[in-house]
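In what follows, a structure is listed as structure tokens, so that the remarks can point back to it.
The values are calculated or read from the model by the stated rules, or taken from the named source; none is laboratory data. Quantities reported herein were computed from a predicted structural model and do not represent experimental measurements. Cβ placement follows ideal geometry from the backbone for every residue including glycine, while neighbour counts extend to all protein chains displayed.
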Amino acid sequence: MSLATTEGTWWNEELLVQALTVLAHCRAPGTETEAHLEWICTLFEHDSPRIRAGALVALSRQSWSQSLRRRVPVERAVADPDPNVRTAAYELLGRWNDETSTRWLEYGVRNDPDDRSRLAAARRLSRSDRALPDPSSDPVRRTVAWVRAEHRTPRRVATGWS
Amino acid sequence: MVVAVDSVAWIVSWFFLAYFALVNGGYLLIHFVSLLSFERTLRDWLLDPVYHPHSSPFLPGIAVVVPAYNEAVTIVDTVQSLLNLEYGNYELVIVNDGSRDDTLERLVETFELEPVGEPVPVDLPCEEVREVYQSSRRDLVVIDKENGGKADALNAGVFFTDQPLFCAIDADSLIERGALLEVAQPFLRAPDRTVATGGTVRVANGCSISRGVVTRVGLSGNALANLQTVEYLRAFLSGRIGLSGVGGLLIISGAFGLFRTDAVREVGGYSTSTITEDMELIVRLHRHFAGTDYRVEFVPRPVVWTEVPESRTVLARQRSRWFQGMLETLWLHRDMIGRRRYGVVGLFALPFFLFVEAVGPLVEGIGYVLVPLLFVLGLLNVPFFILFLGVAVGIGTLLSWLAVLNEVVGFRRYREPRTVAALLGYGLLEHVPYRQWKAFVSWLALVRYLRGEHGWGEMVRVGFDS
């Protein structure tokens, strides 16, 4: 983590994606380690959507940290042009499971133009035992109806590398 | 006149000799690379035998996609076998492709499936989905759709799942419990670069199978099945190790292949208009990723067991389809052949498939007609022909025996000395009349392909032993 803190932003895309994938499985226990994760926040503006998505996924394990939560540009993430980044954002928000994240997830269910990203948002809401929003259009109605009907086995809501 | 006929006979003889050298040179090269690659793989495996898959938290999610059409005899065994895989993060997606038998009913009843009752909220580029069934206790989903063919069924699963990887498995196949872990290894080593990996397909006929698991490996009582066993060892094991070793793997068997889901979606999924969708997909992936740092890799250790035809009629249909599919894929992607832009695939693998795998059996078939004709006309140089025949049989047998050697040294699935001796014997026996019959089938397949007859025919399943 020390190496990533000092050199992470200089790494090539492939190495960076791998590092972020590993970090997504590490739970940083204290504030000292939290400082080591701050470099990830600079990656939210990276040119590569894979890095932007990876950065969101990497921070999803650190959802306990309110200060890190505040560093996540949620509005930009859920409006990202790449659907994979938005899906990663919904995964992250699903882990937060608070009022703010619920509102953003509801926003995602109602407004995300991509079927899969919308589904990810709806599944995250459902998994957090939050009510799904009333559908405003046919695609949203289909998504909500599907998520209500499908069984919530752990793997059915998994997306990406886990 | 006599001089002219002599000249033609001389030219024909040299043509066959040159072609023989090309074909066998190609095969020997691939098998030589296979031995080298295999030696390295074996050494790595022996030096680091303790792969810690269970302790790795980085196992990518895999959707095991199984297209099923009229598979009522084997489907329950297959699903039971798949539910027992040693892998921490996978779901099963069975696609019932409009079966006319009770494939769906058996699945629903055996695994207590319930209909979701809602339309799938993502677009699936396939024939109409009638219903999706889910299990409340297992990671098992059955997509019931109108019949659209194997590629269409695979597309339903590929576009349905959320998992980053998917594993395509034939419904009549039994995958070994640890196979998924092993076939996923290249994705763990190079998650960005690896696009597809494939495991070994082996013949299940003659093996004892209990509850979807192969408990004893043996040979069948059917000679045709045993000939295919040797053939599978040579072509689907040694041949693919070699092609993978040079970076020119063109086929990952539809019976067992692991793919990056987004890569396959990116190229549009499986082609529903081709005869052999598995080969066509791999060639299309090579085309798409040409110029980038990507890998299509064969992993020899993981095994899927499949039932092979035991009757000539069914085998002829299967081989005819494979041959037509290869011709079609080569024709579709003919602009890649010989092109530097596609690297080893363009400069070696595709030309090899064209001149050796496709044209080879046809030239061989011409030889079987010409030799007796030249003999009758008194134009055959008999001592030369006998020498040629001896070398041809010798090299053919050598390749088969090398494949058996690979098997005995590295994998040891066939443990009994008597079985190994029988495999070596079948390696010799396949020269007459199996080879001639295959050349005949290749010619028939060519005629059918040129006529545009692409019917599948029925594959008769007898089911696995219990």
Residue list for the range B:228-269, filter: assigned to a strand (DSSP E or B) and out of contact with any Phe, Trp or Tyr (no Cβ under 8 Å at 6 or more places or on another chain): B:Phe256, B:Gly257
Residue that is away from chain A (no Cβ under 14 Å), touching a helix residue (DSSP H, G or I) at 6+ places or on another chain (Cβ under 7 Å) and free of Cβ contacts under 8 Å to residues at least 40 places away in the same chain, where the choices are B:Gly206, B:Gly218: B:Gly206
Looking only at the range B:418-434, and only at residues there that are more than 12 Å from B:Val230 (Cβ to Cβ) and not aliphatic (A, V, I, L, M), the one that is farthest from the chain's Cα centre (by Cα): B:Arg418
Residue tally, condition of a type in the set (A, V, I, L, M, F, W, C) and without any contact (Cβ under 8 Å) to a residue 40 or more places away in the chain, over the range B:1-30: 11
Residue within the range B:163-176 that is more than 20 Å from the chain's Cα centre (by Cα), of a type outside the set (S, T, N, Q) and within 14 Å of another protein chain (Cβ to nearest Cβ) present: yes
Residues (within 14 Å of another protein chain (Cβ to nearest Cβ) and at pLDDT below 80) located in the range A:1-11: none
Matching residues in the range A:96-126 - criterion: being more than 13 Å from chain B (Cβ to nearest Cβ), outside any loop (DSSP other than H, G, I, E, B) and not polar (S, T, N, Q): A:Trp96, A:Glu99, A:Arg103, A:Trp104, A:Leu105, A:Glu106, A:Tyr107, A:Gly108, A:Arg110, A:Leu125
Odd one out for B:Thr329, checked against (1) more than 25 Å from B:Phe16 (Cβ to Cβ); (2) outside any helix (DSSP H, G or I): (2)
Residues satisfying the stated conditions in the range B:283-306, i.e. polar (S, T, N, Q) and more than 21 Å from the chain's Cα centre (by Cα): B:Thr292
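Name the single residue, out of those in the range A:147-162 being in a helix (DSSP H, G or I) and either within 24 Å of A:His25 (Cβ to Cβ) or modelled with pLDDT of 95 or more (or both), that is nearest to the other protein chains (Cβ to nearest Cβ).
A:Arg155
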Close pairs (6 angstrom Cβ cut-off, 6 or more residues apart or separate chains): more than 8 Å from every other protein chain (Cβ to nearest Cβ) and more than 13 Å from B:Thr103 (Cα to Cα) in the range B:130-152, charged (D, E, K, R) and outside any strand (DSSP E or B) anywhere: B:Glu146/B:Glu127; B:Glu146/B:Glu128; B:Gly148/B:Glu127; B:Ala151/B:Glu277; B:Asp152/B:Glu127
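If you scan the range B:192-229, which residues turn out to be of a type in the set (Val, Ile, Thr) and crowded, with 18+ Cβ neighbours inside 10 Å? Outline the logic, then answer.
Quick first cut of the range B:192-229, residues of a type in the set (Val, Ile, Thr) only: B:194-195, B:197, B:200-201, B:203, B:209, B:213-215, B:217, B:229.
Passing the criteria: B:Thr194, B:Val195, B:Thr197, B:Thr200, B:Val201, B:Val203, B:Ile209, B:Val214, B:Val217, B:Thr229.
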Those residues of the range B:63-94 which are within 14 Å of chain A (Cβ to nearest Cβ) and in contact with an Asp or Glu (Cβ under 8 Å, 6 or more places away or on another chain), in sequence order: B:Ala63, B:Val64, B:Tyr90, B:Glu91, B:Leu92
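Among residues belonging to the range A:12-27 that are over 17 Å from A:Gln62 (Cα atoms) and surrounded by fewer than 16 Cβ atoms within 10 Å (Cβ to Cβ), point out the one that is nearest to the other protein chains (Cβ to nearest Cβ).
By that ranking, first place goes to A:Glu14.
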Residue match in the range A:45-58 (condition: within 28 Å of A:Glu14 (Cα to Cα), under 13 Å from the mean Cα position of the chain (by Cα), assigned to a loop (DSSP other than H, G, I, E, B) and within 14 Å of chain B (Cβ to nearest Cβ)): no
Selected residue (only one of B:Asp144, B:Asp152, B:Asp162 is within 19 Å of B:Glu105 (Cα to Cα) and either surrounded by fewer than 24 Cβ atoms within 10 Å (Cβ to Cβ) or assigned by TED's automatic domain parsing to the domain that holds B:Val264 (or both)): B:Asp144
Any pair with Cβ under 6 angstrom, 6 or more apart, that starts in the range B:96-117 at a residue that is within 14 Å of chain A (Cβ to nearest Cβ) and ends at one that is among the aromatic types (Phe, Trp, Tyr) and outside any loop (DSSP other than H, G, I, E, B): B:Leu113/B:Tyr133; B:Pro115/B:Tyr133
Single residue of B:Ala21, B:Ala63 found to be modelled with pLDDT of 80 or more and assigned by TED's automatic domain parsing to the domain that holds B:Asn96: B:Ala63
Within the range B:218-231, tally of residues that are touching a strand residue (DSSP E or B) at 6+ places or on another chain (Cβ under 8 Å) and either of a type in the set (Gly, Ala, Ser) or at pLDDT below 95 (or both): 3
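Look at B:Leu107 and say whether it is closer than 30 Å to B:Gln185 by Cβ and either assigned to a helix (DSSP H, G or I) or modelled with pLDDT under 95 (or both). Break it down into steps so the answer makes sense when it comes.
Values: closer than 30 Å to B:Gln185 by Cβ: no; either assigned to a helix (DSSP H, G or I) or modelled with pLDDT under 95 (or both): yes.
No, not satisfied.
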Exclusive hit being farther than 21 Å from A:Leu20 by Cα, in contact with a helix residue (DSSP H, G or I) (Cβ under 8 Å, 6 or more places away or on another chain) and without any contact (Cβ under 8 Å) to a residue 40 or more places away in the chain, set A:Leu59, A:Leu92, A:Leu119, A:Leu68: A:Leu119
